[in-house]
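One structure is given below, encoded as structure tokens.
Bear in mind these aren't lab numbers, they're just calculated from the coordinates by the rules spelled out. Remember, it's a predicted structure, so these values are computed and weren't measured experimentally. Using ideal geometry, Cβ is built from the backbone for each residue, glycine included, and neighbour counts are taken over all protein chains shown.
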Amino acid sequence: MQQIISLKGSLDEEQELGIKGIFPEECGLSAAVNIPFASEYAFKCASAQDHRGEKGVGIVSVRKSKFYIEKRRWSVILGLPGVNFKKDLPGKTAIVHNRYATEGDSDSPSNVQPLVFQETSKGSFVLAHNGTMNNVRSIKKDLMKKGVAFQSTTDSEIMAHLITHSNEDTIEKAIISALNQITAAYSLLILTPNKLFAIRDRFGIRPLSIGKLKSGFLVCSENYAFDQYPSSSYLREVEPGEIIVFEKNKDSFESIKYAEPDEHFCIFEGIYFSHPRTTYKEYYNEDFRQELGKQILIENPDLQGDFILPVLDSGKHAAIGLFKKSRIDYKEYFLRKHKTSGDPVSRSFTSATYQERKEVAFKKLHLRKDKIRGK
């Protein structure tokens, strides 16, 4: 019999009900393609998406068929001290990965993406992944039986080995073969010396967008990141079941439909995870969240209260929507401590354990107890 659980929002529910790790697949992808000093542009886009992952950051650029790599086990907002982007990360194409714990151990250095694979049967390539691939354990067992050695515990490495051990004769065909063996959800960036592949699974669960900048392109999990550059423009989403292929020094891109789309976009992106100013289907997340707040009153017309108190920042827009619809007074009695260079963790959700999430929540939120006492 199906069990239906009603959640009240308690910090203890996750532990009591054994539901921790429900959404373990959020990360951030960024790329700059065919743009001089691409690493600087891609890293700035990644910094705008720091809310998607604060447990590690990795960047890989390519010039003259050579990959240049920098990885850190800290938030992207702490930057890369001592790294000269133009000298240490040269080239006109670069990709960045913001890490939030996926199926692997978030504290392991080997799990910090992008993952680099040199001189394989399909050539050298780099892979960065946002998502959780649901059927990979059985695939990993099969690969290990064939003698494949794994260096990390990430889903991403399994995808890479499916590519390198494919019987197909080109990396494009090998990628498609690998994709068709994996169950959603994922968005991917795969970088070769001459091409960048931007990919979404057929369900379109995780986001990925394309922007135009100068003579080249930007690719990011969220189109809000493009706004770091006033001269950039949003082009479109990578569609479900689509591979976008960017080639070196080309001012256009190719679209490959590798699977029949069946869109099931993750509603958690709109409700909470994505930036309020990111759009989906040309609709801002902050507007969507306000509509959800209004819907609370529509479904509960007799709702009453002393005031509406948002838990900042994620609850703010829904609370405003409820206020507009109900006219119940709106108060911000929580004061939120925003991140500083010495305190990079800004989202309790992206902490690795229940205890860490609880500690971050209490650390970043201060409540005016005198204002709610007796309410």
Q. Considering only Cα-Cα distances, which of the following residue pairs are longer than 26 Å: Lys146/Lys195; Lys92/Lys122; Lys324/Lys371?
A. Lys146/Lys195
(Q) Just to be sure I understand: with springs between alpha-carbon atoms less than 10 Å apart, which residue in Asn300, Asn249, Asn84 has the highest mean-square fluctuation in the Gaussian network model of the chain? (A) Asn300
Q.
Given 4 °C and 1.567 mPa s, compute D for the range 112-216 with the Stokes-Einstein relation, Rh being the Kirkwood radius over Cα pairs; round to the nearest whole µm²/s.
A. 91
Q | Amide proton proximity set for Leu80, modelled H, under 5 Å, gap of 5+ | A | none
Q | Of Lys55/Lys214; Lys214/Lys337; Lys173/Lys212, pairs whose Cα-Cα distance is over 29 Å | A | Lys55/Lys214; Lys214/Lys337
(Q) Only Cα pairs within less than 10 Å get springs; with that Gaussian network setup on the chain, which residue of Cys266, Cys220, Cys27 has the largest fluctuation? (A) Cys266
Q: Rank by packing, highest mean first: peptides 136-147, 353-364, with packing defined as the count of other Cβ atoms within 10 Å averaged across residues.
A: 353-364, 136-147
Q | Per-residue HN-Hα couplings for the range 328-336 [Karplus 6.51, -1.76, 1.60; θ = phi - 60°; Hz; x = Gly/Pro] | A | 5, 4, 10, 9, 10, 8, 8, 10, 9
Q | Hypothetical label at Glu263: residues of the range 212-229 whose amide nitrogen lies under 12 Å (7 Å Cα-Cβ projection) | A | none
(Q) Just to be sure I follow: if Rg is taken over the C-alpha atoms of the range 198-247 and Rh is the Kirkwood radius over the same atoms, what is Rg/Rh? (A) 0.98
Q. Among Lys316, Lys281, Lys86, which one shows the biggest mean-square fluctuation in a GNM of the chain, springs joining Cα atoms closer than 10 Å?
A. Lys281
Q | Degrees, to the nearest 10: 38-48 long Cα axis against longest axis of the chain | A | 20
Q) How far apart, in nm, are two points set 7 Å out from the Cα along the Cα-to-Cβ line at Ser138 and at Leu367? A) 4.6
Q: With the Cα gyration tensor of the chain in hand, convert its eigenvalues to equivalent ellipsoid semi-axes via √(5λ) and list them largest first in whole Å.
A: 37, 23, 21
